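The values are calculated or read from the model by the stated rules, or taken from the named source; none is laboratory data. Since the model is a prediction, treat every value here as computed from it, not as a measurement. We place every Cβ from the backbone using ideal geometry, glycine too, and count neighbours over all the protein chains shown. In case anyone asks, the SASA skips ligands and DNA or RNA and just uses the protein heavy atoms, side chains included. Shrake-Rupley method; radii C 1.70, N 1.55, O 1.52, S 1.80 Å.
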Amino acid sequence: MGSLTIGEISGELIKKTCWIAMAAHKSPEKHYLVEKSSEVLISFPGSWSVGDWFTQQPFGEMKIDGSELLCPKGNDKVATSLRSIGRDELASANKGFLTRFEMILAKSSLQTEVEKAIKEKKKIVFTGHSSGGAIAILTTVWFLEHYLKPGKTLMSPLCVTFGSPLVGDFIFNHALIRENWSNFFLHFVMRYDIVPRILLASLSTVGQELDQILKLLSQKAMFPIQGSVREASTFYTSVMRNASAVASHAACRLMGNTNPILETVASFIELSPYRPCGTFVFLPGHGKLVVVKNADAILQLLFYSAQLCSENQLNAVAERSLNDHLGYLSELQGCLNWQNVVQLDHLEGLPLSSSGAAAGNIATNIALDDLGLSTRARLCLRAAGEHEKQKLSNQQRMDNKRQEIELGLAKLEEYKSKSALCKVGYYDAFRISKYEDDFKANVTRLELTGIWDEIIEMLNRYELPEPFESRKDWIELATKYRRIVEPLDIANYYRHAKNEDTGSYMYKGRPRRYKYTQRWREHGLRMPVGSSAESCFWAEVEELLLLYRTADPGAFEVIRERTINLERKLDEWIRSNQISNDVFLKGSTFTKWWITLPIQHKSVSPIQGQINREI
């Protein structure tokens, strides 16, 4: 025997958070409860109105740009962390829970409590039972977005929930893992508790029973809940039917099923967007705990661990699905003093049956049996493990290509230096493409394009581990690539007059690899959206040239504001070494154009001195 620790949190603290979470359950009239000791525990009560769970059909989710708290607005703002960088797509979260969280923050002293704890350098633990857990999750994300940074606090929070419904979609979970925040979330789920599965169902399929079920669950008295078998059975069946559809569709994707019928069927069936995030601890009973971190595996477990073995069990399991929701405190009291914890790691090697378990897998196999997992369920968990393993393999393959990328960039740096010796920047040299060196530079450009398009496509399909996008070495390499190669793509675009057929490079011709690598840097350095556009300098020059040439003689006013803005940014980019001085060379297209501008303008330009030095 010994004391249990899961991640950073001890068994005693888990019991304490469970106690205050259940206390908040009995105090729905309060916004939250606080308990202070060496840590600050903040617990949120649940809400038992259907409108607070589903604000709209079919699943009640909303893009998080609807929340100023999680997605600040304005051109000078840093983009929210809750998005896919590759697809530039925002995460979604449950609108009802998000609205309730915003109300609590606006009408209570929650923010004051948080900032006081930060000032006292105390660890904050957000917790909640049922939908109170959902509020705890959103509060933790808000804390991470606003406070976990140099100058405010580097002390990470914890979020511990008990029987919480799901809150966000796939991108929500993807972002938490990428930001290295996922380990701050710990969710306890009783084997048959129906609440963590509710949002896998649409309102249209459970709406009739949901109001009654929430009223039953809101009871302050602890279980058992009496006289609810019929409602519980109908509700359980509806939720599990939806959970089955979601889990099956996800499993087919994990197993690489490319049958178009799958997508056709999915287009006719409403599938919940909600997905697990963080670490889940399943409580199968008998004082045991099963810890799972793989979100794909957790989704499968939410279905298979609560599945019926036979129809004869329906009434008993359905009633238990409600009773389990109120049984966390008593269950945890019985298991947190024991080291009876199984970590479901290395999922790809899980035994498919009790008889197939190797000696080292006996504890794992017992845990799988305790969760009632069939061979099919175990195959789904294996598929989740194989999927994760494949992503790591893809990452290793990309890491092995770093040297090839570096070599290609070195060749282009040499090409850039040789062009400068001729008083013509490499942009103009490549745009003209008269010599063998220009041809070789184009070959190198195309070779690098192939590598980066493969990387971007993998990121777009989520085939690389989420932390890959937060790796500083790759962000720096991607920025170096974008700064030296994108000008060549721009030169090629305007050399072949693609703008005449397609439109301007920035609006119609810019490849996804450059948009992504720009967002990657802005996100990694917490820069305002669009502020790292230095590699697009030549595209703006080309468009200004076209406007200037086609305007009436002397009509500088047409492009004055854009020219001033470009000069200001160019001055900043030159001073910060984001663009090299070769743009000011005597033979540069930019220099030739700039010296034709009105004297009144040039005399006050911030780049006048730099151009004069070069020519």
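For Glu572 and Glu12, a Förster radius of 35 Å and the Cβ-Cβ distance give a FRET efficiency of 0.05, rounded to the nearest 0.05. How high is the FRET efficiency between Asp473 and Glu447 when r is their beta carbon distance and R₀ equals 22 Å, given to the nearest 0.05? After rounding to 0.05, the efficiency reads 0.60. Rounded to the nearest 20 debye, the dipole magnitude of region 388-541 is 160 debye, with +1 charges on Lys and Arg beta carbons, -1 on Asp and Glu beta carbons, and the Cα centre as origin.
With θ taken as phi - 60° and the Karplus curve 6.51 cos²θ - 1.76 cosθ + 1.60 applied, the whole-hertz 3J(HN,Hα) list for region 155-170 is 8, 6, x, 10, 10, 10, 10, 9, x, 7, x, 5, 10, x, 8, 4 Hz, x standing for glycine and proline.
Ignoring ligands, DNA and RNA, what percent of the 1.4 Å accessible area of region 533-572 is carbon and sulfur? Please report the intermediate quantities before stating the final value.
Numbers: 1030 of 1980 Å².
With neighbouring chains kept in place, the figure for region 533-572 is 52 percent.
Just the number, please: percent antiparallel of the DSSP beta bridges in the chain, rounded to the nearest 5. Don't jump to the answer; show the numbers that get you there.
Working: 20 of 44 bridges.
The antiparallel fraction comes to roughly 45 percent.
Relative contact order, whole percent, for the chain stands at 13, derived from Cα pairs under 8 Å and 6 or more residues apart.
To the nearest µm²/s, what D does Stokes-Einstein give for region 6-373 at 10 °C and 1.306 mPa s, using the Kirkwood radius over alpha carbon pairs as Rh?
Working: Rh = 21.0 Å.
Estimated diffusion coefficient is 76 µm²/s.
Inter-label distance, Arg87 to Leu314: 3.7 nm, where each label sits 7 Å from its Cα along the C-beta direction. Between amide H atoms placed 1.01 Å from N, distances below 5 Å from Asp169 occur with Ser92, Arg275, all of them 5 or more places distant or on a separate chain.
Calculate, in nm to one decimal, what Glu68 and Glu463 gain on full extension: separation in residues at 0.36 nm each, minus their alpha carbon distance. Present the calculation step by step, with values, prior to reporting the outcome.
Values: separation 395, 0.36 × 395 = 142.20 nm, distance 3.09 nm.
Here the answer is 139.1 nm.
The long axis of helix 95-107 is offset from the longest Cα principal axis of the chain by roughly 90 degrees. The loop-placed trypsin sites (Lys or Arg not before Pro) in region 61-115, going by DSSP, that have at most 11 neighbouring Cβ atoms within 10 Å of their Cβ come out as Lys73, Lys77.
Each peptide among 596-608, 506-518, 317-329 gets the average number of other Cβ atoms lying within 10 Å of its residues, and from highest to lowest they stand as 317-329, 506-518, 596-608.
Compactness of the chain was expressed as the Cα radius of gyration divided by 2.2 N^0.38 Å, which yields 1.15. Placing a label point 7 Å from the Cα of Trp593 along the Cα-to-Cβ direction, no residue of region 507-530 has a backbone N closer than 14 Å. Across all directions, the average flat footprint of the convex hull enclosing the Cα atoms of region 341-448 is 10.9 nm².
Projecting the Cα positions of Leu329, Tyr427, Trp19 onto the charge dipole of the chain (unit charges on Cβ atoms of Lys, Arg, Asp and Glu, taken about the Cα centre) puts Tyr427 furthest along the positive direction.
Computed per residue of the chain from DSSP H runs no shorter than four, each worth -39500 (n - 2.57), the mean residue ellipticity at 222 nm is -16500 deg cm²/dmol. Its relative contact order, with pairs defined as Cα atoms under 8 Å and 6+ residues apart, puts region 460-548 at 35 percent.
Take the Cβ-Cβ distance between Lys602 and Lys149 as r, set R0 to 51 Å, and report the resulting FRET efficiency rounded to the nearest 0.05. Show your work: numbers first, answer last.
Numbers: r = 42 Å, r/R0 = 0.83.
E between Lys602 and Lys149, to the nearest 0.05, is 0.75.
Expressed as an acute angle from 0 to 90° and rounded to the nearest 10, what is the orientation of the C-alpha long axis of helix 537-550 relative to the principal long axis of the chain? Between the helix axis and the principal axis of the chain, the angle is about 50 degrees. For region 429-483 and region 173-220, write down the distance between their C-alpha centroids in whole Å. Taking the Cα centre of each part, region 429-483 and region 173-220 sit 42 Å apart.
Size of the dipole of region 6-373 about the Cα centre, Lys and Arg at +1 and Asp and Glu at -1 on the beta carbon, nothing else charged, in debye to 20?
Values: 32 positive and 34 negative charges, 163 e Å.
With Lys and Arg at +1 and Asp and Glu at -1, about 780 debye.
Annotation for region 274-333 versus region 524-543: alpha-carbon center distance of 49 Å. For region 1-131, the mean projected area of the C-alpha convex hull, equal to one quarter of the hull surface, is 11.3 nm².
So if each residue of separation counts as 0.36 nm, and I subtract the Cα-Cα distance between Glu414 and Ser374, what length gain in nm does that give? Could the numbers behind the result be given before it?
Details: separation 40, 0.36 × 40 = 14.40 nm, distance 6.09 nm.
Extending this stretch completely gives an extra 8.3 nm.
Rounded to the nearest 5, the antiparallel percentage of DSSP beta bridges internal to region 6-373 is 45%.
Note on region 6-373: dipole from Cβ charges, positive end direction compared against Ala245, Ile366, Thr127; the farthest Cα belongs to Thr127. Comparing Phe537, Gly587, Asn94 along the charge dipole axis of the chain, the residue lying farthest to the positive side is Gly587, per the Cβ-charge model.
With the simple model of a label 7 Å out from the Cα in the direction of the Cβ, Tyr507 to Ser218 spans 5.3 nm. You can think of it this way: the chain between Ala555 and Lys116 has 152.1 nm of extra reach, that is 0.36 nm per residue less the Cα-Cα gap. The charge dipole of the chain, taken about its Cα centre with unit charges on the Cβ atoms of Lys, Arg (+1), Asp and Glu (-1) only, comes to about 880 debye.
Principal semi-axes of the equivalent ellipsoid, √(5λ) from the alpha carbon gyration tensor of region 55-162, are 23, 19, 13 Å from largest down. With the highest mean first, a sort of the peptides 299-308, 108-117, 24-33, 495-504 on other beta-carbon atoms found within 10 angstrom per residue produces 299-308, 24-33, 108-117, 495-504.
Under 8 Å for C-alpha pairs, at least 6 residues apart: give me the relative contact order for region 396-613, rounded to a whole percent.
Values: 179 pairs, mean separation 46.5, N = 218.
Contact order relative to length: 21 percent.
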